[in-house]
């Protein structure tokens, strides 16, 4: 069989001020009847048709010095006319998407994901690829370097130049960061791990490296089932864009792209793990865990990916939810945070889910299947109709883990079996694969568990399960709209709180704009809707702070006259206040437990948790 000749790419940071990359794709032997080039419509890890082609400003083709006609045949498909010699397609790509999914270029940094910039010549997806990365011109960019796990061809370490990939799939699974970034490194699992942070930061990078090293080594050992295990890659890069306000991550086979607030990173000389730094560590832990769970252990529907259309699976509750469970569990098991800190995070997740009426409408299996049209396209009614397969999925993973531990096994065993049967082999996980492996591990039929909590819309019995591990679940009313849970009440607001409830949440801002109106709540009964702006209550001007004070002073059952604007029309209605629901959760470690419970708890959390502190 003839070995396909390499596809050559060249991507140039053409004009940072105009946010333009120039991307060239050259093939030596185009098809005789003309060559088609296709661009992916979505990127693995983010399950929405992104339509990357909308950022292509111009597309032209040439062979030698001659222009070749090229026609767009579909939203993501171009057809170049036949030619005798090598064919090059040149695209100008607008890059100003400050996310982890597409491409970005300005005078401070450049970044791109392969699916958003690299055309794939039809019939040549398995051909080796060579890509030359060209820096922007000018003295302002002389300090720029390149952070990527693409294998180097002639490029120096951290340098511009030529890189290579075995095929198109590998080419687009190594994002590229270019900037005058801050850098740190550590070793874990026999692999070098590099940290590259773009943006203005004043952070203790040595501490970040130490903490990430513990988390990464724990995850490597977890899947290796032994201390000192080796990572499934030789090098890993954390590409981090530190910004004023942002959060997100996307996994790749040997790297991750993260966006965080610069203040989430730890300041030098501060030993405390702040809520913000803990959030950053959880994000990094989540994406690193994906190096196994979804990048190598993946649904059969993703083996291989079809990047031209939706790839449906009902398993994202496991690939994202189980990952969301282990991302914070890895922090406590590696010793980076204390058990009480981990339980605070669980309490916050429980609070988020309890505040989502949609959890009783949509199952996590259906949420996964409909991710393409619902999860990433949330609107004002989303809390009433949609459940997060991340958040509720993580609670189901917790419930499954505790259920299995009561039976003498654990979710750890399930994950290691998945790694052995599917991760190491590359065989996709069938839709019922996780259920079958868990059932075999338990030695009992778990069909009712999956039917009720995964395919159904019931809440898992976490209070009872946690109680078997010496953890007590508490519920109370919210102190205010900003109360995220995880901690006991304060300021007189506790489980017996008389704070009233509108049945709606307010958008951030100076005006009292309703962001969400919850199903069956007082606001819905009063005929109010998301987007309405409340201007007066009982004849007094309404602003968010005034509404919060009113809710503390009034009693459930009181009727109030509300004036609100819907668009430019005035609405006058009466709202009857309700009791604030007890949907804020916090967890505490039981101070007095028997030896069996203490041992079970220690095995779960990976540490001795005998203290009785609550939060």
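Read-outs: derived from the displayed coordinates by stated rules, not from any lab. For clarity, every value in this text was computed on a predicted model and none was experimentally measured. FYI the Cβ positions are ideal-geometry reconstructions off the backbone, even for glycines, and counts take in every protein chain you see.
Working out 0.36 nm times the residue gap between residue 340 and residue 592, then minus their Cα-Cα distance, what length gain in nm do you get to one decimal?
Additional length available on full extension: 89.2 nm.
For the Cα atoms of the chain, what angle does the longest principal axis make with the long axis of helix 205-224, in degrees from 0 to 90, nearest 10?
Compared with the principal axis, the helix lies near 90 degrees.
Got the relative contact order for the range 500-579 handy, in percent, Cα pairs under 8 Å and 6 or more residues apart?
32
Can you pull the one-decimal nm distance between simple spin-label points at residue 385 and residue 28, each 7 Å off the Cα toward Cβ?
Inter-label distance under the simple model: 5.4 nm.
Sorting check: for 414-424, 60-70, 343-353, which peptide has the highest mean count of neighbouring beta carbons within 10 Å, and how do the rest follow?
Going by the mean number of other Cβ atoms within 10 Å, highest first, we get 343-353, 414-424, 60-70.
Expressed in nm to one decimal, what extension gain is obtained for the pair residue 167 and residue 202 from 0.36 nm per residue of sequence separation less their Cα-Cα distance?
8.7 nm
Kindly express, to the nearest 10 degrees and within the range 0 to 90, the angle between helix 544-553's C-alpha long axis and the longest C-alpha principal axis of the chain.
Long axis of 544-553 versus the principal axis of the chain: about 30 degrees.
Separation between the residue 425 and residue 406 pseudo-spin-labels, each 7 Å from Cα along Cα→Cβ, expressed in nm?
3.2
Would you calculate the separation in nanometres between label points at residue 529 and residue 508, each defined as 7 Å from the Cα along the Cα-to-beta-carbon direction?
2.6
Based solely on its DSSP helices, what 222 nm [θ] is calculated for the chain when runs of n ≥ 4 H residues each add -39,500 (n - 2.57) and the sum is averaged over all residues, nearest 500 deg cm²/dmol?
-7500 deg cm²/dmol
Using the beta-carbon distance between residue 183 and residue 5 and R0 = 35 Å, what value does 1/(1 + (r/R0)^6) give for FRET efficiency, to the nearest 0.05?
FRET efficiency, residue 183 to residue 5: 0.45.
To test your reading of the geometry: what angle, between 0 and 90 degrees and rounded to tens, separates the Cα axis of helix 433-442 from the longest principal axis of the chain?
Taking Cα atoms only, the helix is inclined about 50 degrees.
Taking R0 as 45 Å, what's the FRET efficiency between residue 568 and residue 444 from their Cβ-Cβ distance, rounded to 0.05?
The pair residue 568/residue 444 has a calculated efficiency of 0.15.
Test of understanding: express the Cα radius of gyration of the range 292-471 as a ratio to 2.2 N^0.38 Å, with N the residue count.
After normalising by residue count via 2.2 N^0.38 Å, the value is 1.01.
Suppose the chain between residue 122 and residue 82 were pulled fully straight at 0.36 nm per residue; how much longer would it get relative to their current alpha carbon spacing?
Here the answer is 13.0 nm.
Based on the Cβ-Cβ distance of residue 156 and residue 432, what FRET efficiency does E = 1/(1 + (r/R0)^6) give at R0 = 45 Å, to the nearest 0.05?
For residue 156 and residue 432, the calculated efficiency is 0.35.
Suppose a student asked you for the relative contact order of the range 264-378, using Cα pairs under 8 Å spaced at least 6 residues apart; what percent would you report?
In percent, rounded to a whole number, it is 28.
Å³ per residue of the Cα convex hull, for the range 1-157?
Once divided by residue count, the hull of the range 1-157 is 137 Å³.
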